[in-house]
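Peer 1: After the structure tokens below, expect a handful of questions from me.
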Amino acid sequence: MEAIKKIQAAFDDYDARCALLQEFPNICEGLCARVTRGGCEADFEKLTRLHWKPFAWTIGPDGLKELLECRTQLHMAYLLGFQEQWLQEQFDRQREFRLAVFTVGATSGRQATWDGVFEMCRLNLPEPLAAKLLPHKEDIINTPITELEEQQGQKYLDVNLRGEEDPLFYNLIRWEEAEGKLWQARGFLYHTVGLNDLFAGDGYTKDAEGKKGTTEFLVANKRVEELDNFHWIQMKGLVNGAIEAHKSTTTQ
């Protein structure tokens, strides 16, 4: 796709990105993007290195445009919510960052509204898992997450932080084996699909203060060659020394 090739060619240079957006102000239309990190090529075979996850979250055209407007790739990372300490840990571990840019096909992705999320589950989950989940749609939408956490006896976030070792962490296998109660269904959406406490269901990101951000999409976590017009763009500016270089320029 010509638009993605133009973005890739200009990506490493701020002035080139600005010139590109000025000449083609709608160049991001129809595109989704996601930053993925990895330590080897296998980590980049899918949109997320967590290959067991059925879905990945991406930003939409407006979010991609905001990234391209950032002065540096470090600013891009900060815009996406990556914290300085976490980034430095990744640099120290020799992790590489790449920007995935692609178009969303008929079954590969939907804007992350409540309807979009449940449609993606219907289209992409194994039929028994989807059949157990879909009848809970309206109750999940209309029941406060705090009420479901009371039924579970723990916060979903606490379980999520403990990971798959916690028996209340509903991955694909546990959801298949579960009774299918409402609070379990919401746990599956939280831990495996990615609907955390900030998910609003309107198709837009939201920060901790409740501020509405850019469009977000839920995309099937397929092998990247199966996605339409897919390109990896190396984020060469996200390397060891980037944070120190940024601090030195801002203090001059």
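The values are calculated or read from the model by the stated rules, or taken from the named source; none is laboratory data. Since the structure is predicted, the reported quantities are computational estimates derived from the model, not experimental observations. Note: ideal-geometry Cβ built from the backbone for every residue, glycine included; neighbour counts use all protein chains shown. Ligands, DNA and RNA are stripped out before the accessible areas are found, and what is left, the full protein with its side chains, is counted by its heavy atoms. Shrake-Rupley method; radii C 1.70, N 1.55, O 1.52, S 1.80 Å.
Peer 1: List the residue pairs whose Cβ atoms are under 8 Å apart, where the first residue sits in the stretch 132-144 and is touching a residue at least 40 places away in the same chain (Cβ under 8 Å), the second is open to solvent by 50 Å² or more (accessible area, probe 1.4 Å) and not in a helix (DSSP H, G or I), and the two are 6 or more positions apart or on different chains.
Peer 2: If the second residue must be open to solvent by 50 Å² or more (accessible area, probe 1.4 Å) and not in a helix (DSSP H, G or I), no pairs are left.
Peer 1: Ok, one more. Here is a check on your reading of the model: is GLU89 open to solvent by 70 Å² or more (accessible area, probe 1.4 Å), under 30 Å from LEU31 (Cβ atoms) and either modelled with pLDDT of 95 or more or not β-branched (Val, Ile, Thr) (or both)?
Peer 2: Yes, satisfied.
Peer 1: Against the conditions (1) in a helix (DSSP H, G or I); (2) open to solvent by 10 Å² or more (accessible area, probe 1.4 Å); (3) in contact with a Ser or Thr (Cβ under 8 Å, 6 or more places away or on another chain), where does GLY63 fall short? Just the number, please.
Peer 2: Single failed check for GLY63: (2).
Peer 1: In this structure, does GLY105 turn out to be open to solvent by less than 60 Å² (accessible area, probe 1.4 Å) and within 30 Å of LYS236 (Cβ to Cβ)?
Peer 2: yes
Peer 1: In the stretch 226-238, what residues are buried (at least 16 other Cβ atoms within 10 Å of the Cβ) and closer than 27 Å to GLN88 by Cα?
Peer 2: Of everything in the stretch 226-238, those that are buried (at least 16 other Cβ atoms within 10 Å of the Cβ) and closer than 27 Å to GLN88 by Cα turn out to be HIS231, ILE233, MET235, GLY237, LEU238.
Peer 1: Considering only the stretch 95-111, I want to know if a residue exists there that is within 30 Å of ILE243 (Cα to Cα) and either acidic (Asp, Glu) or modelled with pLDDT under 95 (or both).
Peer 2: yes
Peer 1: Identify, please: which residue in the stretch 182-225 is part of a strand (DSSP E or B) and among the charged types (D, E, K, R) and is, among those, surrounded by the most Cβ atoms within 10 Å (Cβ to Cβ)? Give the steps one after another, and end with the answer.
Peer 2: Taking the stretch 182-225 as the starting set, the residues that turn out to be part of a strand (DSSP E or B) are 202, 204-206, 212-220, 223.
Keeping just the survivors that are among the charged types (D, E, K, R) gives 202, 206, 212, 216, 223.
Numbers: ASP202: 14, LYS206: 16, LYS212: 10, GLU216: 23, ARG223: 11.
Here the residue is GLU216.
Peer 1: Take the residues in the stretch 1-23 that are open to solvent by 70 Å² or more (accessible area, probe 1.4 Å) and not in a helix (DSSP H, G or I), then tell me which one is farthest from TRP232 (Cα to Cα).
Peer 2: Taking the candidates together, the pick is ASP13.
Peer 1: Right, next: Report, by residue number, each residue of the stretch 108-151 that is within 25 Å of LYS222 (Cα to Cα), of a type in the set (S, T, N, Q) and open to solvent by 30 Å² or more (accessible area, probe 1.4 Å).
Peer 2: GLN111, THR113, ASN124 - these are the residues of the stretch 108-151 that are within 25 Å of LYS222 (Cα to Cα), of a type in the set (S, T, N, Q) and open to solvent by 30 Å² or more (accessible area, probe 1.4 Å).
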